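Chemist: Right, I'll just put the structure down here and ask away after.
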Amino acid sequence: MEETQPTVSDFMNADAVSVFPWDTIEKAYDLILDRNLRALLVLDEDEKLVGIVSERDIVRYRTRNILPKHAEYYINVSDLMTQNVNTFSPGTSLREACEKFVETGNNQIPVTNEDGTVAGIVAQRDLLKFFSENLDELLGINIEWERNYD
């Protein structure tokens, strides 16, 4: 019996939240805050990935630019999104995913199908959760921790 290796599709969030490039940064920031997210995927009208915008992007934009009153109501996501987005395919191995997170320094990376549509998103915390839930099995050992409270 052949064992299958975990892939990003095993621990990605398939319910990734997205916005359009023409949405305002105010809408994007509200979504990020309301849903306790770090980033939103930016999709075109065909639901293909064209960028990613993070909470950090919006805060950095607001602090580095002297914005007129109510600017966040008319500045579009496309004005500050990252366009060249690192992505995974659903079959990307756990090892490759970890290496890419280390290499790029990204906190989250979208998962895209061959046609460019979004399958989900993987955050570093998803990897940590996967490891914490499967550590004994992945290491092939049974660890019992003893704590002495003197």
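Only the coordinates and a few stated rules stand behind these numbers; no lab work does. Here the structure is a predicted model, which means the values were calculated and not measured. Reconstructed Cβ throughout: ideal geometry from the backbone, glycine too, with neighbour counts over all protein chains shown.
Chemist: Find which of Thr82, Asn106, Val118 sits farthest along the positive direction of the dipole of segment 70-127, computed with +1 on the beta-carbon of Lys and Arg, -1 on that of Asp and Glu, about the Cα centre.
Modeler: Asn106
Chemist: Would you please give the residues with an amide H less than 5 Å from that of Val17, counting only those at least 5 places away or on a separate chain, with H modeled from the backbone geometry?
Modeler: Correct list: Leu41.
Chemist: Between beta-carbons, use under 10 Å as the cut-off and find the net charge around Gly116, counting Lys and Arg +1, Asp and Glu -1. Let's see the in-between values first.
Modeler: Numbers: positive: Lys48; negative: Asp44, Asp46, Glu47, Glu114, Asp115.
That works out to -4.
Chemist: Relative contact order, percent, of segment 19-141 when contacts are C-alpha pairs under 8 Å separated by at least 6 residues? Don't jump to the answer; show the numbers that get you there.
Modeler: Working: 150 pairs, mean separation 27.6, N = 123.
Averaging sequence separation for qualifying contacts and normalising by length gives 22 percent for segment 19-141.
Chemist: How large is the convex hull of the Cα atoms of segment 8-139 per residue, expressed in Å³ as a whole number?
Modeler: Hull volume normalised by residue count: 108 Å³.
Chemist: For segment 8-139, what is the charge dipole size about the Cα centre, in debye to the nearest 20, if Lys and Arg each add +1 at the Cβ and Asp and Glu each add -1 at the Cβ?
Modeler: With Lys and Arg at +1 and Asp and Glu at -1, about 680 debye.
Chemist: Return the long-range amide H neighbours of Ala119 (sequence gap of 5 or more, or a different chain), with a cut-off of under 5 Å between placed amide H atoms.
Modeler: Val111, Thr112, Asn113
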